[in-house]
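Have a look at the structure below, then the notes.
The values are calculated or read from the model by the stated rules, or taken from the named source; none is laboratory data. Computed from a prediction, not measured in an experiment: that's the story for all the values here. Cβ placement follows ideal geometry from the backbone for every residue including glycine, while neighbour counts extend to all protein chains displayed. Remember, those area values only see protein heavy atoms, side chains included, never the ligands or the DNA or RNA. Shrake-Rupley method; radii C 1.70, N 1.55, O 1.52, S 1.80 Å.
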Amino acid sequence: MAVTAEQVADAMYDLVKEYQGKKKLKAMDLTHMMVERYGAEGCDKKMCKAAIRSLIDSDRCVYTYFGGSYIELPHAEGAAGGG
Amino acid sequence: MSETNGKGSATPMLDELEKGEWPSFVTQIKEMAAEKEQCQQLLELLERSYREKIGHWKHGGIVGVHGYGGGVIGRYNDLPEEFPAIAHFHTLRVNMPSGWFYTSDVLRKICDIWDEHGSGLTNMHGSTGDIILLGTTTDELEPTFKALTENDFDLGGSGSDVRTPSACVGPARCEWACYDTLDLCNDLTQTFQDELHRPAFPYKFKFKCSGCPNDCVASIARSDMSIIGTWRDDIRIDQDAVREYAENGVNIERDICGNCPTKCMEWDGHDLEIDNGNCVKCMHCINAMPKALRPGVDTGATILLGAKAPIVQGAQLSSVIVPFMKLEPPYDEIKDLAERIWDFWSENGKNRERVGEIMQRVGMGNFLEAIGVDPIPEMIAYPRENPYVFYEEYYEEEDEEAEQEEEEGAAVP
Amino acid sequence: MDTQRRTDIGPPDFRRFLPPIIKENYGKWKYHEILKPGVMVHVAESGDKLFTVRAGSPRLLGTKRIRKYAELADKYCGGHLRFTSRHNVEFLLTDEKNIDPIIADLAELGHPVGGIGPAISSIVHTQGWVHCHSAATDASGVVKAVMDDLHEYFDGTTKIPGKLRIALACCLNMCGAVHCSDISILGVHRRPPRVQQGLAKVCEIPNVIAACPTAAIRPASVEGTPSVEIDESLCMFCANCFSVCPALPMADALNDGVSLWVGGKVSNARHEPMFSKLAVPFIENDPPRWTEVVQNVRKIVEVWVDGARPHERMGEFIERIGWPKFFKLTGIEFQKEHIDDYRYAGLTFHRSAWVRH
Ligand code: HEM
Ligand code: HEM
Ligand code: HEM
Ligand code: HEM
Ligand code: SF4
Ligand code: SF4
Ligand code: SF4
Ligand code: SF4
């Protein structure tokens, strides 16, 4: 099952959306989940890396930092409060 | 500007810290407060912390520059109505040049950028080594970044990524540098730009490069990969210079030989003899008599792994993984080692687990196997004391027979 | 966008900023000598001489002061300078005659020259109340108070047996490099986080639970809504949970303060690197001068200055005289907190019959 980086990015995006507010996902979590879904031959780490980069560069997702780095949907900063 | 209406200073406790011999950070903030409302409000907020004995900052985890997962630390104060100018007060980490060398022109350029886009306050430098630009609003992050990159500067690391590597002054000004710390640091930083800006690891990873075992950047205490210069041949001795130190009052017997950890030096009042096979390259004698003694010429580095601060599973110092490695461009051997470690760690690491922690969790032996390094006695202080050895497999009677048969089979073609 | 956005360019190549004398003698230095406090000369194989003048700094610098440094570099050093790993600034001179004038100019700016060789160098430290969310004490203020008191050991007025490194971190995260210093000043919280209402709206509960190194956080239901509870007997006040979740504040004026640790070292000289060990478990925050912290640090420094042999670092000195003597000489009270009770604590017990009487 050959997939393209595009498809992997879309699948990752769906996962991030599904987990938003429930569990923060790290780059390595997404990579593991993709390799599990598509198999190591169909989808290697390089492809996952490219997919994550395209998610971030297109503003569909952002990196966040809460004691560790995560990939999430863009959202308002809790700590920003009213200010 | 929020002034004091003749009621005396708004910041009496901080004013106290302008007195005394040591240069004052309060003076620094005040110098900038003359022009920047942000700095005035920072002073007043800090005064309040001094009065109440608690901090007033909240951690922000989302702000950053487009495409990067590191380099910006989000900060908001918890009294935004009272201190609106610093409601957002984010920090940028800017990757310093190796060895922290600057020209006056480039420093002024950084000042220009920061006067235009931020508070004008900095740390020269943060404890990882970056130039810290302390305090600006969310809107100014992208413009600051643009101005920095136009002047050939880029952000450093933060988050679960390669952190900004740092190096001691090395061959630029130290006769003891056993490899080119500045070049290696620069090379690693450039090679791993993607790993530095786009966090993909379980947690942070730090490289620090010290040119000799004096370890001026404290790499053994605070880097996941500590690269500490050393040599394999003999310490170079100038016996005349040794005698000169003796004549000038150095007690060589007591203070040099007596402090040698392996007692491998002898001084007969005329010549200093070193049993180099027993020298552990601690640097003591060289530090004490720099004109007489120098490291050897067959130089390289010892690579150690796994130092980390107490968070999460307790603190560790780095320990030896490669006793001696030659370090010359393009530095493929060390880069390859780092990448093998990252592969294993990214694959198997838990969230927020440092390399030093995964080494302990899976066992050093298993870790070595996974990264393809053979176990050697240089890696330990002493062999295990506890007898709980977890062998992974054992043989049954049949196995042995089968094996024997196989062997016999192989012997008889 | 008008121009291509530049990314991943890394820092500028350091070679652009090296002074000519360093370019010419790169890797070809022969030896160095300390000429006087804060001043050293490096002599190259070629015979060239490079003079370094090291000055202390508060680390937190405004751009105005950095421009002053730049001016001094232009005036005396052909525009070249560098910073050290301990926040000092170093001016690199080729003309010996400029040493005294630049020291005079630095003094006028309020920057003492020193910190080379057997001396106390600047205190490596963190952000504290100036900028960090998990600080149990301020950083810059404590550093200023301690250095005001110890400057005689920085600028060479009082000679000391060897190097003395002090570092400060304002919480257990220790972003400042303190655990291996001769004297470490560490901010400590003593009260477990308080669980705020509506935690689940701000934070993801599984992440909060996973954040705790000692598994002190458990899921709980508070008035019918999901939240967490803290097993206070398991909390060692690291503030990890607060970093992950702002609804678990830790800061507490009554219970936050400072601890002192001693005897760590990084360099390999003579003795292997060592961690710092607990000397004073807790001192209340006392801004702006933290008097009790300053007094304790001074006491420890003085005991070492009086008793140490040449080259001997704090940790080597204490190992030689023994910990009981250290507590006796400093007058610091030994308490149960001094005895480790975490994993493998037994390794820190006195496992022999060697006792000095
Ligand atoms: C839960 C763990 C940690 C959290 C939440 C954390 C958080 C932070 C924050 C918020 C800052 C920025 C301070 C500021 O500029 O306002 C910071 C700085 C820093 N952190 Fe951490 N930190 C953690 C653990 C560590 C550890 C374990 C180390 C290294 C041993 C470390 C090293 C640093 C360094 C070197 C800096 C720069 C500090 C400076 O410039 O003074 N951090 N950390
Ligand atoms: C005395 C109180 C202590 C303070 C204030 C302190 C402070 C620090 C700081 C600030 C760092 C970060 C350096 C950096 O990355 O820039 C650090 C790192 C470290 N500390 Fe400590 N520490 C203390 C105690 C300890 C203790 C007791 C240990 C071990 C038993 C320890 C072990 C380490 C180790 C191994 C690192 C490695 C740094 C890294 O993760 O990058 N520290 N410490
Ligand atoms: C943790 C696992 C261990 C257990 C359960 C254990 C148990 C014992 C027991 C029951 C004895 C006999 C005491 C007696 O004479 O009544 C003993 C003696 C001894 N054990 Fe262990 N031991 C352990 C680990 C070790 C290790 C790791 C060493 C050495 C590296 C060691 C060295 C000795 C020695 C030297 C004796 C005394 C033998 C003699 O009588 O001369 N033990 N141990
Ligand atoms: C007199 C000869 C020495 C000279 C010229 C010298 C020079 C320096 C310089 C320039 C730095 C700052 C490094 C940087 O920012 O790149 C430094 C830091 C340091 N030096 Fe030396 N050093 C000397 C001897 C020693 C000795 C004998 C030791 C150990 C016994 C030592 C231990 C250190 C340590 C641990 C640091 C790091 C400070 C820190 O950031 O924690 N140095 N030294
Ligand atoms: S670590 Fe060694 S080579 Fe590097 S500056 Fe220090 S003494 Fe020199
Ligand atoms: S470097 Fe250290 S171990 Fe080697 S001879 Fe000198 S004092 Fe001894
Ligand atoms: S040591 Fe702790 S409180 Fe201080 S700056 Fe670092 S994370 Fe913040
Ligand atoms: S402060 Fe640390 S030990 Fe205490 S509950 Fe929070 S994470 Fe756990």
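Worth pointing out:
- Scanning region C:239-283 for residues that are within 16 Å of ligand 2 (Cβ to nearest atom), within 22 Å of residue B:54 (Cα to Cα) and open to solvent by 10 Å² or more (accessible area, probe 1.4 Å) yields C:243, C:280, C:281, C:282.
- For region B:180-192, the set of residues classified as over 13 Å from residue B:299 (Cβ atoms) and open to solvent by 10 Å² or more (accessible area, probe 1.4 Å) consists of B:183, B:186, B:187, B:190, B:191, listed by residue number.
- Of the strands (runs of 3 or more DSSP E) lying entirely inside region C:48-98, the ones with 2 or more residues being more than 7 Å from chain B (Cβ to nearest Cβ) and more than 27 Å from residue C:148 (Cβ to Cβ) are found at C:49-55, C:89-93.
- Near pairs, Cβ below 8 angstrom, 6+ apart or cross-chain, from region C:20-43 (under 22 Å from residue C:111 (Cβ atoms)) to any residue that is assigned to a strand (DSSP E or B) and among the acidic types (Asp, Glu): C:40/C:33; C:41/C:33
- Candidate set: region C:218-268, residues that are more than 16 Å from ligand 5 (Cβ to nearest atom) and hydroxyl-bearing (Ser, Thr, Tyr); chosen: the one nearest to residue C:206 (Cα to Cα): C:227
- Residue B:266 being within 16 Å of ligand 6 (Cβ to nearest atom) and touching a strand residue (DSSP E or B) at 6+ places or on another chain (Cβ under 6 Å): yes
- Number of positions in region B:6-27 that are crowded, with 21+ Cβ neighbours inside 10 Å, within 9 Å of chain C (Cβ to nearest Cβ) and either assigned to a loop (DSSP other than H, G, I, E, B) or without any contact (Cβ under 8 Å) to a residue 24 or more places away in the chain (or both): 6
- Screening residue B:366 on (1) free of Cβ contacts under 8 Å to residues at least 12 places away in the same chain; (2) within 25 Å of the chain's Cα centre (by Cα) shows it passes everything except condition (2).
- Counting only helices (runs of 4 or more DSSP H) that sit completely within chain A, those holding 1 or more residues that are more than 14 Å from chain B (Cβ to nearest Cβ) and open to solvent by less than 70 Å² (accessible area, probe 1.4 Å) correspond to A:5-19, A:27-42.
- Filtered residue count, region B:68-96, keeping only those that are in contact (Cβ under 8 Å) with a residue 60 or more places away in the chain and either outside the structural domain of residue B:141 (by TED's automatic domain parsing) or not small (Gly, Ala, Ser) (or both): 9
- Test: residue in region B:40-58 that is more than 29 Å from the chain's Cα centre (by Cα), facing another protein chain (nearest Cβ under 8 Å), at negative phi and in a loop (DSSP other than H, G, I, E, B): yes
- Checked against the criterion of being open to solvent by 10 Å² or more (accessible area, probe 1.4 Å), among the charged types (D, E, K, R) and not in a helix (DSSP H, G or I), the candidates B:361, B:352, B:340 yield just one match: B:352.
- Within region B:223-240, the residues that satisfy the criterion of being within 14 Å of ligand 5 (Cβ to nearest atom) and either touching a Ser or Thr at 6+ places or on another chain (Cβ under 6 Å) or more than 15 Å from residue B:302 (Cβ to Cβ) (or both) are B:226, B:228, B:230, B:231.
- Selected residue [under 30 Å from residue B:251 (Cβ atoms), more than 21 Å from the chain's Cα centre (by Cα) and either among the basic types (Lys, Arg) or at pLDDT below 95 (or both)] from C:309, C:298, C:313: C:309
- Just one residue in the set B:213, B:202 is modelled with pLDDT under 95 and either crowded, with 24+ Cβ neighbours inside 10 Å or not hydroxyl-bearing (Ser, Thr, Tyr) (or both); that residue is B:202.
- Only one entry in C:121, C:134 is within 16 Å of ligand 4 (Cβ to nearest atom), modelled with pLDDT under 95 and either farther than 26 Å from residue B:219 by Cα or among the polar types (S, T, N, Q) (or both), namely C:121.
- Residues of region C:58-95 satisfying the condition of being under 15 Å from residue B:111 (Cβ atoms) and of a type in the set (Ser, Thr, Tyr): C:63, C:69
- Subset of region B:28-43 (residues that are modelled with pLDDT of 95 or more and open to solvent by 40 Å² or more (accessible area, probe 1.4 Å)): B:30, B:31, B:37
- Residues of region C:121-152 that are at the interface with chain B (Cβ under 8 Å from one of its Cβ atoms), assigned to a loop (DSSP other than H, G, I, E, B) and of a type in the set (A, V, I, L, M, F, W, C): C:132, C:135.
- Residue match in region B:165-179 (condition: farther than 30 Å from residue C:49 by Cα and either out of contact with any His (no Cβ under 7 Å at 6 or more places or on another chain) or open to solvent by less than 10 Å² (accessible area, probe 1.4 Å) (or both)): no
- Residue list for region C:286-295, filter: buried (at least 22 other Cβ atoms within 10 Å of the Cβ) and either touching a strand residue (DSSP E or B) at 6+ places or on another chain (Cβ under 6 Å) or modelled with pLDDT under 95 (or both): C:293
- The residues listed here are B:93, B:108; of these, the one that is at pLDDT 95 or above and assigned to a strand (DSSP E or B) is B:93.
- Filter pass, residue B:93 being buried (at least 24 other Cβ atoms within 10 Å of the Cβ) and of a type in the set (D, E, K, R): yes
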